[in-house]
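Colleague: Below is one structure. I have some questions about it.
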Amino acid sequence: MRRSLVAIALLAGVVWLADGARAQDKSAPADGAKVSFEKDVLPIFEMRCFECHAIEYQRRPKGRLRLDGKEWILRGGKGGSGVVPGEPNESAIYMRVTLPEEHEDIMPPDGAPVSKAQKETLRRWIEEGAEFGDWDGIKRPKPKPAAKTTGPDDRFTAYEALSKDLDPVPSATIAKVAKTGARIEAVVPGSPLLRVEFVTGLENGTDEAVKALAPLRNNIAILSLAQTRITDGALDHIAKMPRLYRLDLQRTAITDKALETLAKQKPTALTKLNVYGTGVTDRGLAPLATITSLRALYLWQTKVTDAGVKMLSSQLPECRIQNARPLPAAAAPRQNNNRRRRGQN
Amino acid sequence: MRLKRNLNGFDPVTRRDFMSGAAKSLLGLSAMPFMAELAGAGETGAITLGGATARNVIYLYMAGGMSHLDTFDLKPGASTQGPIEAIDTRADGVRISQHFSQLAKHMDKVAVINSMNSNQGAHAQGRYFMHTGYQLRGTIRHPSLGAWLERMRGRLNGTLPGHVVVGGGANMATNGFFDASLTPLPIGDPSEGLTNSSRVKHVSESRFQDRIHRLEKMNEAFRGKYEARSLKDYSKVYEEAVRLMDSKDLAAFDISEEPDEVRAAYGDDRFGQGCLLARRLVERGVRFVEVVSGGWDTHSENFDRMGDLCPPIDRALASLLSDLDARGLLDETMVVLTTEFGRSPDIVQDRNLGRNHYPQAFSALMAGGGIKGGRAYGKTDGEGRKIIENPVRVEDFNATIAYALGLPLEFKLYSPSGRPFTVAHDGKPVTELF
C-alpha cells in the first residue's frame, strides 16, 4: 500500500533534515557555480530513473511520472508535481530518493540508493530554482482544444441582468399586440422579458406584424420569426429591440442586408442568431463580427462558405458556429435480418 | 340523475374508449384519440407563462430494460463486462459501447447518468414508475410527464396534439387521472403517420358538415340537462378532430416529405423513423414526443442481441442530435433516453450469456434543453453493481426533466378522489447537469 505524498513528505522531511546536515559536512559540488540541469542532473536521471520514467524504456511510465522532458518533469506524476522550485523538501523527486534505504517508497526501488553527492546535486538544483537552461527534452503534445460542449447554460444569468430595472409590459398591451397573431409569453415564469413567436399561423408573421411589436420592444428577449413571411424590412424594427437575446430568422426570405441592418444597431445582448435555411452569404457574415456578444450562430443550409465561417470564427472565437448537419451514412443492408425480430420476449 | 352520477364516476380510460368509439360510429370518422382544449394559447396568440431551459422533450424509451454495462457504463476488464468493448467519444473521459460509434461523435452534447436507481424490478411496474414517478397501484392511475407538461403549460400549437407516443402502445405514457383530453396521441407506425385523419371518401364535405351540425344540435339539449365534465370532453373530440383534419400542420406527421438520405440516416426502422417524426413534430410545436424501442429484455443472448439492438439507436440518436443542433432546436429541446431498469452484472451462463433485471443501478442519457453535455454524472463500482457516487432516483430523474421545462415541482394537483400529487413525486432535480 503506497502512502500518500503528504505522509511521505512529513516522514521524508525529517529524513532530509538529518541527511542534509550530514551532506553539508561532506561538501557538495565544490564551486559556487550553479548546478546545471543538463550537465549535473540529467545524467543522474538517465542512469537511475529513466528505466521506469522515460518513454524510451517504458511505454507507461511508472506512477505516470516522466523525467525525459522539461514539461513532463514540471507536470509531475500521480502525486502531483515532482519538482517545486526552491523547495527540495516539497519536491517528490528529491523526497523519494532521500528516504531511508529500507523504506518501501524509496527510489530507485532496486539497486543502491542514489549517492550522497547526487542527492546533494538534486537538492541544490531544486533549491536554486530547478532551472533547465536550454534543455527541453521530449516535449508534451499540445493539448487538443477541448471539443466545444453545449452549455454551461448561462441564459438565466443573462435574463437576470437584462431584466434589471425593467418594468413588465401591461397585460392589456400584450393582449392587444397578440391580436396580430404573435404568441407572447414570459421567457421564464414571472420575468418581465418576453418571448415572441409565430408557432401557428406563420402567414401572420409579416414585416407589419414585427412593426406592431413596437410597444413590447424594450421587453423582447426572444424573437422567433422562423418560417414566417418577413423580409429584410423587418430588421429595421427588430434592430430597435435593446434586450434582444435570441433571434430566430431560419427559413425566411432574409438576405445579407438583414444582417447588416442588425449589426448596425449594435445589439449588445444578442447571444443566439439563427439564419439557417436563408440566402445569407459570406458578405452577410462580415458585419456580424461586430456583435461580440454572439455565442451561437446557425448557418446550416445557407450560402456561406467554409472560408467565410473560418474568418468569422477567428473574429468571434467564443461563438459556436453551426454550419453543418453531419448525418451517419446509410446503413449497409443487414446480413441477418431475422435476428432483430427474435428479440421480443 | 343516475346517468349523471355514472358519467362523473367514469374512469378516464373507459371514458376515452367510449368517446372515440362513439365518434367513429357516428361520424364515419376515426376519431383522434385525444381531445384537448386550447390551454392558454389560441391560434391567434395569447398570453401564458412558460419556458425555462427546455420547451420540448423527446423521450426515447428502451422498453424491456437496457443493460447499462453493455451501453453507457462499461467496465473494461471486469468479470461482469463480457465481450463488448468501450470506445472513446468526442467528450473527454466519456466512453461508451462499441455499438455507438455514430453517437460517439455527438457525446459532447450528451450527459450520461450512470447512477440511475429504481426500486421496481418488474417490467410493468418499472415502466409505470419511470413514466409517472409513482408506483403502480390498483386504485389510481398517475399521469406521465407529457400529460403533466400539457396540463400545466398547455400547448404551443393549438391544432396539433399536445403530446405524442410513437410505437409505444397503451402501457407507456398516460393521462392518468387528468382529463381524457390529456391522453397522448399514439402513433403505431411512424411511416404511416397519423392514420384515419382525413374525411372518408363516401362522405362529402357538405354532408360531413351537416352531420357535425346535426350532432351538435342533438348534443346541445343533452348537455344542457346534464352538466358533466366528461360530456364536454365528449364534444371537444369532434371540434379537435375537425380542426386537425383541416390543419396545415397535419403535414408534420408525414415523414415521406423528408429527403431519402435523411430518412436513411435516421435508420430504416420504426425507431429511427420515429425519431425523425419526433423532430418534425417538435419543430411544429408538439412539446412532448416519446419514441419507444422494444426488445431490450435480454435474459438470453444478451451480448449477441446488443449488436442488433444498439445500432438503430446509435444511428437514430446521432442523426436526431445532429439534426436538432443544425436547426438551432437542440438548446431548447431536451432529448432523454431511459429505460425501466438495468441488467444484472452477473452473466447468466446457461442462457447463452443473458442478463436479468437489475433496478439497483442503470444508465440514462440527457442532452439539449440546457443540459451541459460531454460528461458522465454518477458512478457505479468497478463491476457496475452498486452506485458509489451521486445516485439519481427515478423521481429525481423526472424532476430534472420537469425542472428543465420550468414546471413548478411543488405544485399539487388533486386526483378525483382528492389526493394531492406533484409532477415528479417530490424528486430533487439534478441541477448539476445544467
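No lab work stands behind these numbers, since they all come straight from the coordinates. This structure is a prediction, so every number in the text was calculated from the model and none was measured. Because the Cβ atoms are built from the backbone with ideal geometry, glycine has one as well, and the counts that use them run over all protein chains shown.
Colleague: Using a 10 Å cut-off around each Cβ of peptide B:298-308, what is the average number of partner chain Cβ atoms that fall inside? Mind dumping the intermediate values first?
Modeller: Values: counts 2, 1, 2, 3, 0, 0, 2, 4, 0, 3, 8.
Shielding by partners across B:298-308 averages 2.
Colleague: Find the percent of Cα-Cα distances in region B:220-343 that exceed 23 Å, and round it to a whole number. Each step should come with its number before you reach the end.
Modeller: On the way: 3729 of 7626 pairs.
Of the Cα pairs, 49 percent sit more than 23 Å apart.
Colleague: Now for a different question. Give the whole-number value, in cubic angstrom per residue, of the convex hull volume spanned by the C-alpha atoms of region B:143-216.
Modeller: Values: hull volume 9.8 nm³, N = 74.
Spelled out: Cα convex hull of region B:143-216, divided by residues, is 133 Å³.
Colleague: If I take all pairs of Cα atoms in region A:71-196, what percentage of them are more than 22 Å from each other?
Modeller: 63
Colleague: What is the set of long-range amide H partners of A:G69 at a cut-off below 5 Å, with H atoms built 1.01 Å from backbone N?
Modeller: A:I138
Colleague: With point charges of +1 on the Cβ of Lys and Arg and -1 on the Cβ of Asp and Glu, referenced to the Cα centre of region B:261-417, which listed residue (B:V291, B:L413, B:S363) lies farthest in the positive direction of the dipole?
Modeller: Projecting each Cα onto the dipole axis, the largest value belongs to B:L413.
Colleague: Something else now. Return, ordered by residue number, the residues of region A:201-225 whose backbone nitrogen is under 20 Å from a label point located 7 Å along Cα→Cβ of A:E160.
Modeller: A:221-222, by backbone N distance to the label point.
Colleague: While we're looking at this one, here's another question. What are the principal axis extents of the Cα atoms in region B:337-394, in Å, biggest first?
Modeller: Principal axes ranked by extent give 45, 21, 20 Å for the Cα atoms.
Colleague: What is the log10 of I(q)/I(0) for region A:64-132, computed with the Debye formula using one identical point scatterer on each Cα and no solvent, at q = 0.12, 0.19, 0.23 Å⁻¹?
Modeller: -0.29, -0.73, -1.06
Colleague: Now, a different point. Averaged over B:329-342, how many beta carbons belonging to a partner chain fall within 10 Å of each residue's beta carbon?
Modeller: Details: counts 6, 2, 7, 4, 0, 0, 0, 0, 0, 0, 0, 0, 0, 0.
Shielding by partners across B:329-342 averages 1.
Colleague: What is the sum of charges, Lys and Arg at +1 and Asp and Glu at -1, for the other residues whose Cβ falls under 10 Å from the Cβ of A:A221?
Modeller: Working: positive: A:R155, A:R195, A:R243, A:R246; negative: none.
Taking every Cβ under 10 Å from that of A:A221, the sum is +4.
Colleague: Now a separate question. Rounded to the nearest 0.05, what FRET efficiency do A:T290 and A:M311 have when you use their Cβ-Cβ distance and R0 = 22 Å? Could the numbers behind the result be given before it?
Modeller: On the way: r = 14 Å, r/R0 = 0.61.
Given R0 = 22 Å and the Cβ-Cβ separation, E is 0.95.
Colleague: Quick one: which of A:K39/A:K139; A:K116/A:K139; A:K176/B:K225; A:K257/B:K105; A:K303/B:K105 span more than 28 angstrom between C-alpha atoms?
Modeller: Checking Cα-Cα distances, A:K116/A:K139; A:K176/B:K225; A:K257/B:K105 exceed 28 Å.
Colleague: Right, another one. List B:S363, B:S67 from most exposed to least, where exposure is judged by having the fewest other Cβ atoms within 10 Å. Before the final figure, lay out each step's value.
Modeller: Values: B:S363 27, B:S67 33.
By the 10 Å Cβ count, ascending, the order reads B:S363, B:S67.
Colleague: Taking amide H atoms as placed 1.01 Å from N in the peptide plane, list the residues 5 or more away in sequence, or in a different chain, whose amide H sits under 5 Å from that of B:H357.
Modeller: Those lying under 5 Å, H to H, from B:H357 are B:S344.
Colleague: Give me the net charge of A:D232's neighbourhood, meaning all other residues with Cβ under 12 Å from the Cβ of A:D232; Lys, Arg count +1, Asp, Glu -1. Show your work: numbers first, answer last.
Modeller: Values: positive: A:K257; negative: A:D207, A:D236, A:D256, A:E260.
My count for the surroundings of A:D232 gives -3.
Colleague: Could I have the simple spin-label model distance between A:K62 and B:K412, label points 7 Å from Cα toward Cβ, reported in nm to one decimal?
Modeller: So the two model labels end up 6.6 nm from each other.
Colleague: Estimate the FRET efficiency between B:E261 and B:R207 by the formula 1/(1 + (r/R0)^6), using the beta-carbon distance for r and 41 Å for R0, to the nearest 0.05. It would help to have the intermediate numbers written out before the result.
Modeller: Details: r = 43 Å, r/R0 = 1.05.
Once rounded, the FRET efficiency stands at 0.45.
Colleague: Mind checking the mean number of beta-carbon atoms from other chains within 10 Å of the Cβ atoms in A:196-204? Don't jump to the answer; show the numbers that get you there.
Modeller: Working: counts 1, 3, 1, 12, 16, 8, 3, 1, 3.
Mean shielding by partner chains, rounded to a whole number: 5.
Colleague: Next question, about the same structure. When B:T400, A:T255, A:T180 are ordered from fewest to most other Cβ atoms inside 10 Å of their Cβ, what list results? Before the final figure, lay out the partial values.
Modeller: Details: B:T400 27, A:T255 18, A:T180 21.
With the sparsest Cβ surroundings first, the list reads A:T255, A:T180, B:T400.
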